[in-house]
């Protein structure tokens, strides 16, 4: 199986994500990994020409632009309903 190109696409939409936006990022994994990609879900803390920083459940994660295969804004998580309210 061939690996996808390591260069970011020309239209790097992550440049337009404002801090506070909840996003999903598909991140390329290093050569030799058991999988090609992993998905991250988090809130944008910062972004610049080199990549994006997300706050995820596991903590703060920096994703270099060269590792972003695809990403998109996603809606807020659903509100949880307690058993009493059902």
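Counting neighbouring Cβ atoms within 10 Å and putting the fewest first, the residues 74, 81 line up as 81, 74.
Any idea what diffusion coefficient region 13-74 gets from Stokes-Einstein, in µm²/s, Kirkwood Rh on alpha carbon pairs, 10 °C, 1.306 mPa s? Show your work: numbers first, answer last.
Values: Rh = 11.5 Å.
D, rounded to a whole number, is 138 µm²/s.
Please arrange 40, 54 by counting, for each residue, the other beta carbons lying within 10 Å of its beta carbon, fewest first. It would help to have the intermediate numbers written out before the result.
Details: 40 18, 54 27.
Final ranking by Cβ density, sparse to dense: 40, 54.
By other beta-carbon atoms within 10 Å, ranking 35, 15 with the fewest at the front produces 35, 15.
Every read-out reported here was derived from the displayed coordinates using simple, explicitly stated rules and does not represent laboratory data. None of these values were measured; they are calculated from a predicted model. Backbone-built Cβ (ideal geometry, glycine too); neighbour counts: all protein chains shown.
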